[in-house]
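The values are calculated or read from the model by the stated rules, or taken from the named source; none is laboratory data. From a predicted model like this one, the values you see are computed outputs, not experimental measurements. For neighbour counting, all protein chains shown are included, and Cβ atoms are generated from backbone atoms with ideal geometry for every residue, glycine included.
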Amino acid sequence: MPSYALVGCAHIHTPGFIKMLGKRPQDQVKVVWDHDHARGRKRADELGARFVADERKIYTEVPIDAAIVCSETNRHEPLVLAAAEAGKHLFVEKPLGMGSRDAYAMADAIRRSGMLFQTGYFQRGRPELQFIKQHLAAGSFGQVTRVRGSNCHSGSLGGWFDSEWRWMADPAQAGCGAFGDLGTHSLDILLWWLGNVESVTATVHSGTNRYEGCDEVGEGLIRFNDGPIGTLAAAWTDVANPVQYLVSGTEGHAAVIDGKLYFQSKRVDGADGKEPWTQRPEAWPHAFELFCDAVAGKGDAPLVSVHEAAYRSAVMEAMYEGARTGAWVKPQ
């Protein structure tokens, strides 16, 4: 029966993970730690776990197989390094690092430990995005010329980050604002599809100015190594986000609109793009559940590699540098 430590409870997805764990009686959270003791005790009570006030005792009180790191991003590095040194499997909520330096330091430590790793890039499991990846590999789009990802919601308009989750609108703790917070999901998909990038740039804006010093909206440009151009949108200020992904090529096109896939290809019978395409792979479980499955010994769980997670932190860091300088930036 896998045992877990919840290491930090700050992330807005923490309640969702607790709910998922509640449906998995075979998985037990035995220890909870948070630098905010009241917050940590609250989550420990919800989980029926022991709260540990001293982070040095997270792995010494009871046997633990894996750590779930949901702290503020600027606290990831010491917590992740300690878990890797203790030989624990690691789920680290996205983004992995504040930037390239800490992300690669964590990636190196996790690789050396030989333990499992996963992060919260749950969009990979969407059937329409799996389908596009498969047909990119099959050449159904011909020469790919451009791609677009958009991930926006109304978090600022709804005041989501006004109180309990306020740290997520503080770049000193989160490492980013809305563009990095939501954009990293679509960035993961674009890189998952097309690989590494040559250079990037972006522009970000404070939007409603609800959170001082924090961007609420951004748009990025990407030059991929193999030639395609990408655009990336993310915001907390949108009342709708119907067109989420586009792929254009010399022989095909795909669009994900309101969750429906429209697919056109000269190489695939019936793919005229006129009606939603319904022949798609099965959805994967949530990224967090995939991690729990892997810890339980399910060897074929499709996890995000720690190098992929670190590279996405580096690319997003370069995008923010591009926004600051107005230049194209090569990621570290």
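Results, tabulated for the structure shown:
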{"quantity": "Count of the stretch 213-245 residues which are modelled with pLDDT of 95 or more and either of a type in the set (D, E, K, R) or not assigned by TED's automatic domain parsing to the domain that holds Arg166 (or both)", "calculated": "5"}
{"quantity": "Some residue of the stretch 80-99 being out of contact with any helix residue (DSSP H, G or I) (no Cβ under 6 Å at 6 or more places or on another chain) and without any contact (Cβ under 8 Å) to a residue 24 or more places away in the chain", "calculated": "no"}
{"quantity": "Filter result (of a type in the set (Phe, Trp, Tyr), assigned to a loop (DSSP other than H, G, I, E, B) and within 23 Å of the chain's Cα centre (by Cα)) within the stretch 277-315", "calculated": "Trp284"}
{"quantity": "Conditions (1) more than 26 Å from Pro15 (Cα to Cα); (2) buried (at least 19 other Cβ atoms within 10 Å of the Cβ); (3) of a type outside the set (S, T, N, Q); (4) out of contact with any Leu (no Cβ under 8 Å at 6 or more places or on another chain); number of the one not met by Arg101", "calculated": "(2)"}
{"quantity": "Residue identified as touching a Phe, Trp or Tyr at 6+ places or on another chain (Cβ under 9 Å), in contact (Cβ under 8 Å) with a residue 12 or more places away in the chain and aromatic (Phe, Trp, Tyr) among Phe117, Phe141", "calculated": "Phe117"}
{"quantity": "The stretch 48-74, residues that are of a type in the set (D, E, K, R) and out of contact with any Asp or Glu (no Cβ under 7 Å at 6 or more places or on another chain)", "calculated": "Asp54, Glu55, Arg56, Lys57, Glu61, Asp65, Glu72"}
{"quantity": "Residue within the stretch 50-59 that is among the aromatic types (Phe, Trp, Tyr) and under 24 Å from Leu290 (Cα atoms) present", "calculated": "yes"}
{"quantity": "Tally, over the stretch 122-171, of residues that are surrounded by 20 or more Cβ atoms within 10 Å (Cβ to Cβ) and among the hydroxyl-bearing types (Ser, Thr, Tyr)", "calculated": "3"}
